[in-house]
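Below: the structure, in C-alpha cells.
The values are calculated or read from the model by the stated rules, or taken from the named source; none is laboratory data. What you see is a predicted model; the values in this text were computed from it and never measured. Quick reminder, even Gly has a Cβ in these numbers, built from the backbone with ideal geometry, and neighbours come from all protein chains shown. Remember, those area values only see protein heavy atoms, side chains included, never the ligands or the DNA or RNA. Shrake-Rupley method; radii C 1.70, N 1.55, O 1.52, S 1.80 Å.
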Amino acid sequence: MNGPIERFRRSPEGRFLAVFGKADKLLTSLWWSLIALRGVLPAIFAIAMGALVTAVQTHHSLTGSLATIGLVFVGMNSLSPVHGTVGSLLGAKAGAWLHDRLMESSVEPDGITHLERPDLADDLARAREFDQGLVAPPLEAALPYIASGFSDIAAAVAQAILLLTYHWWAGLLLAAAWGSTHILLKESAMWQVFEAEGVVNQRRHVEYAYRMTVDAPGAKEIRLFGLADWAVGRFTELRRKLTDVLYHERRLRQRPLGWSLLFIVAANAIVFGSLANDATHHHIALGALVKFAQASIGVALLAFGEFDWWFRGSARPIPAVLDLAEQMRTGGSLRSGSRPADGLPAHRITFEGVHFTYPTTGMKVLEGFDLTIPAGGSMAIVGPNGAGKTTLAKLLCHLYDPTAGVVRVDGIDLREFDRDSWRSRIAAVFQDYVRFELPLRDNVAPLGAPDTEIVKALERAGASDLASIDTILSRAYEGGTDLSGGQWQRVALARALCAVQLGAGVILLDEPTAQLDVRGEAEIFDRILQATRGLTTILISHRFSTVRHADLICVLEHGRVVELGSHDELMAIDGRYRTMFELQASRFYTEEVEATTPELSGGANR
Ligand SMILES: Nc1ncnc2c1ncn2[C@@H]1O[C@H](COP(=O)(O)OP(=O)(O)OP(=O)(O)O)[C@@H](O)[C@H]1O
Ligand SMILES: [Mg+2]
C-alpha cells in the first residue's frame with residue numbers, strides 16, 4: 001500500500017497532477033498525449049538520421065528517411081506552442097477549480113469560527129495566494145513550462161531506451177548522470193525560492209507596506225500625520241531585505257554542483273569514448289554511430305532545468321487548498337436540527353444560563369446569562385463597550401453555539417431548528433454590516449425582491465434619494481457612486497426592513513443609528529418602530545434617546561444583566577441606567593440645540 005506510486009499520489013506533486021483531471025478531463029488527456037508525442041519525436045529523429053546516413057552509404061533511396069526527418073522536425077517545433085496554449089488553458093481551469101474548493105471551504109460551515117481562528121485564517125490567506133504569484137507561480141503561467149519539462153523528460157527517457165540497443169549500460173549510465181542533477185541540486189535553492197518561509201513572509205510585508213502607502217484608505221492619515229517619508233522609507237527598507245533574502249536563497253550550493261558536473265562529465269566520457277572506440281575499430285556502422293551519438297546528446301534533456309522549480313513550486317500550495325475544506329468544516333461546524341422555524345417566535349426568546357467563550361481567545365464573555373425577550377415587543381440592550389452585546393446578537397442568529405446553557409425560542413432549543421429556517425426569521429443590521437460593491441437594489445435585497453418592496457424599504461430607512469436603485473455603490477465602477485458612513489447605514493437598515501417586509505419576524509439592530517445625525521436618528525427610529533410593530537425587535541444601542549422608546553431595557557455589564565425594566569421603571573430605581581441616561585441627555589441636549597440652531601453650531605467660527 002505504501003509503495004512509491006502511492007507515496008507519489010499523496011505527495012504535493014501527485015495531488016497537484018490529480019487536480020487537472022478533476023478540472024477538465026478532455027484538456028488533461030490532450031495535455032498528456034502531447035507530452036507523449038513530444039517525448040517520442042526526438043528518438044524517431046535520431047533513428048531517421050541514422051537511417052539517412054546508412055542510405056547515403058549504401059546508395060539506397062533517401063526519400064523515406066528525409067521525409068521522416070522533415071515531418072518529425074516540423075512536429076517538434078510546432079507542437080510546443082500548441083502545447084503551451086493547452087497548458088495555459090488547463091492551468092486556468094485548474095486554478096478556477098481550486099478557487100471553487102476554497103469558496104466552498106469558507107462558505108459551507110454553518111458557523112463563522114473557522115473564519116475567525118487565526119491559524120485557519122492564515123491557512124486560508126496562504127491557500128488563496130496560490131494563484132497570485134506570491135507563494136507559487138500562477139498555474140496559468142506554470143503549466144506550459146511544466147508541459148515542456150515533462151516532454152523533455154519523456155524525450156530523454158525515449159532516447160535512453162534507444163541507447164539500450166547500443167549497450168545496456170550506456171542508456172542507464174547517461175540517464176543516471178543527468179538525472180542525478182535533480183537530487184544533487186535539490187538543495188541548491190534555484191527552485192526553492194518561493195518555498196522559503198523567509199521569502200513568503202518578507203513578500204507579504206513588502207506587499208502590505210506598498211498597499212498601505214499607495215492605496216486610498218491610508219491617504220488621509222499619511223498626509224495628516226506627515227507619514228509619507230516614513231511609509232516610503234519603510235517600503236524601501238523591506239524591499240531591500242526581500243532582495244537580500246532572495247539573493248541568499250537563490251545561490252547555488254557549490255559542492256553538489258561540483259559533484260554533478262563530475263558525474264556528468266565522467267558518464268559522457270565513458271559513453272562517447274566507447275562510441276569512438278567502436279567507430280575506430282569498425283565495430284559500429286556509420287548510421288548507428290550517428291543514431292547513438294544523437295541519442296546520447298538527447299539524454300541530457302533529463303537534466304535539472306526550470307522544470308523542478310515550476311513543478312514543485314506550483315504543487316507546493318495545493319495540499320493546503322485541498323486540506324483546508326476539511327479543517328474548516330470541523331472548525332466552523334455547529335449543531336443544527338431539522339425543525340422548521342416558520343412563524344416563530346410566538347411567545348418568547350430565552351437565554352438560560354448561557355456561558356460563552358470565543359474559541360479563538362478563550363476569553364469568557366458570558367457567564368450564566370439569563371434573559372427573556374418577549375415576542376412581539378421591543379427590547380433594548382445597553383451596556384459599556386465589550387460587555388457582550390454583539391456576542392448576544394450573534395448567538396441569537398445561531399452563528400455560534402453557547403459553550404454551556406441554552407438559547408430557546410418558544411421553549412425549543414435553538415440548535416433543534418433547521419439553521420436556514422431560523423436564520424430566515426431574523427433580519428439584522430450588524431455593527432460591522434457589509435457594504436456590497438453592487439447596485440443599490442442588490443444591497444437592499446441581495447436575493448431579489450419586487451422593486452416596490454425595495455423602494456418602500458429605502459423610504460422607511462430615509463434612503464430614497466441616495467441613488468437610483470440600479471446605481472452601483474462604489475465609484476470604482478462606471479456610473480457608480482460613493483456613500484457617506486451615515487448613508488451606508490441607512491442602506492443597511494433598508495436591507496433589514498426589506499427582509500421584514502418579506503416575512504422575517506425578529507429584527508435585530510446592533511448600533512443601527514451610530515453614524516446618523518441626531519435628527520436623522522429620531523426620525524428613522526420612529527419609522528422603524530412603525531414598520532416593525534408587532535415584531536420582536538431587539539435594539540442594541542449606546543444612544544439613550546433611541547433606547548428609551550423600547551418596551552423593555554436590559555442593562556448588560558460584564559456578560560450579566562444588571563438592570564431590566566421599562567425606561568420609567570429604570571429611571572425610578574435610580575441605578576446604572578439613570579446615571580448613563582442623564583449623562584448622555586445633558587450632552588445630547590447641547591448637540592441637539594446646536595444641530596437645530598445653525599447660528600450656534602457655525603456661529604463661533606464666522
Ligand atoms: N470574534 C471574536 N473573537 C474573539 N473575541 C471576541 C470576538 N468578538 C468579540 N470578542 C470579545 O468579546 C467581548 C465582547 O464583545 P462584544 O462585541 O460582544 O461587545 P459589545 O458589547 O458589542 O461591545 P461594543 O459596545 O463595543 O460593540 C470583547 O471583549 C471582545 O473583545
Ligand atoms: Mg458590539
Long-range neighbours under 9 Å by Cβ, at least six apart or interchain, first residue aromatic (F, W, Y) within segment 426-437, second open to solvent by 30 Å² or more (accessible area, probe 1.4 Å): F430/T390; F430/K394; Y433/R495; F436/D442; F436/P446
In segment 526-549, residue farthest from ligand 2 (Cβ to nearest atom) [restricted to those that are open to solvent by less than 10 Å² (accessible area, probe 1.4 Å) and of a type in the set (A, V, I, L, M, F, W, C)]: I528
Count of residues meeting criterion [among the hydroxyl-bearing types (S, T, Y) and in a strand (DSSP E or B)] in segment 509-538: 2
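Which helices (runs of 4 or more DSSP H) does segment 78-174 wholly contain that include 3 or more residues that are open to solvent by less than 30 Å² (accessible area, probe 1.4 Å), in contact (Cβ under 8 Å) with a residue 12 or more places away in the chain and more than 16 Å from ligand 1 (Cβ to nearest atom)?
139-164
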Taking Y400 as meeting all but one of (1) within 16 Å of ligand 2 (Cβ to nearest atom); (2) open to solvent by less than 20 Å² (accessible area, probe 1.4 Å); (3) more than 31 Å from the chain's Cα centre (by Cα); (4) farther than 19 Å from D551 by Cβ, write down the number of the exception. (3)
Filter segment 342-357 for residues that are open to solvent by less than 30 Å² (accessible area, probe 1.4 Å) and within 16 Å of ligand 1 (Cβ to nearest atom) and give the result. F351, V354, F356
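Pick from A476, A492: which is more than 16 Å from ligand 1 (Cβ to nearest atom) and either outside any loop (DSSP other than H, G, I, E, B) or over 24 Å from H542 (Cα atoms) (or both)?
Exactly one of A476, A492 is more than 16 Å from ligand 1 (Cβ to nearest atom) and either outside any loop (DSSP other than H, G, I, E, B) or over 24 Å from H542 (Cα atoms) (or both), namely A476.
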Note on segment 431-442: residues open to solvent by 40 Å² or more (accessible area, probe 1.4 Å) and either farther than 12 Å from V491 by Cα or away from ligand 1 (no atom under 16 Å from the Cβ) (or both) are Q431, D432, R435, F436, E437, L438, R441, D442
Across (1) farther than 30 Å from L184 by Cα; (2) away from ligand 2 (no atom under 16 Å from the Cβ); (3) open to solvent by less than 10 Å² (accessible area, probe 1.4 Å), R339 clears everything bar (3)
Kindly establish whether T360 is in a loop (DSSP other than H, G, I, E, B) and either of a type in the set (D, E) or open to solvent by 40 Å² or more (accessible area, probe 1.4 Å) (or both). yes
Can you confirm whether segment 499-508 contains a residue that is buried (at least 20 other Cβ atoms within 10 Å of the Cβ), in a helix (DSSP H, G or I) and within 16 Å of ligand 2 (Cβ to nearest atom)? no
Among the residues of segment 476-494, are any within 16 Å of ligand 2 (Cβ to nearest atom), surrounded by fewer than 19 Cβ atoms within 10 Å (Cβ to Cβ) and within 23 Å of H398 (Cα to Cα)? no
I'd like to check something: does segment 511-518 contain any residue that is within 16 Å of ligand 1 (Cβ to nearest atom), of a type outside the set (K, R) and open to solvent by 40 Å² or more (accessible area, probe 1.4 Å)? yes
If I filter segment 366-389 down to residues being closer than 30 Å to D119 by Cα and more than 11 Å from ligand 2 (Cβ to nearest atom), which single residue comes out as surrounded by the fewest Cβ atoms within 10 Å (Cβ to Cβ)? G368
Of all the residues that make up segment 20-51, how many are closer than 30 Å to D100 by Cβ and hydrophobic (A, V, I, L, M, F, W, C)? 10
Given the conditions (1) open to solvent by 30 Å² or more (accessible area, probe 1.4 Å); (2) touching a helix residue (DSSP H, G or I) at 6+ places or on another chain (Cβ under 6 Å); (3) not assigned by TED's automatic domain parsing to the domain that holds E108, report the number of the one that S260 does not fulfil. (1)
Which is modelled with pLDDT under 90 and aliphatic (A, V, I, L, M), of L238, L224, L262? L224
Condition met for L34 (in a helix (DSSP H, G or I) and either surrounded by fewer than 19 Cβ atoms within 10 Å (Cβ to Cβ) or free of Cβ contacts under 8 Å to residues at least 12 places away in the same chain (or both)): no
So T452 ticks every box in (1) under 22 Å from Q530 (Cβ atoms); (2) assigned to a loop (DSSP other than H, G, I, E, B) but one. Which box is left unticked? (2)
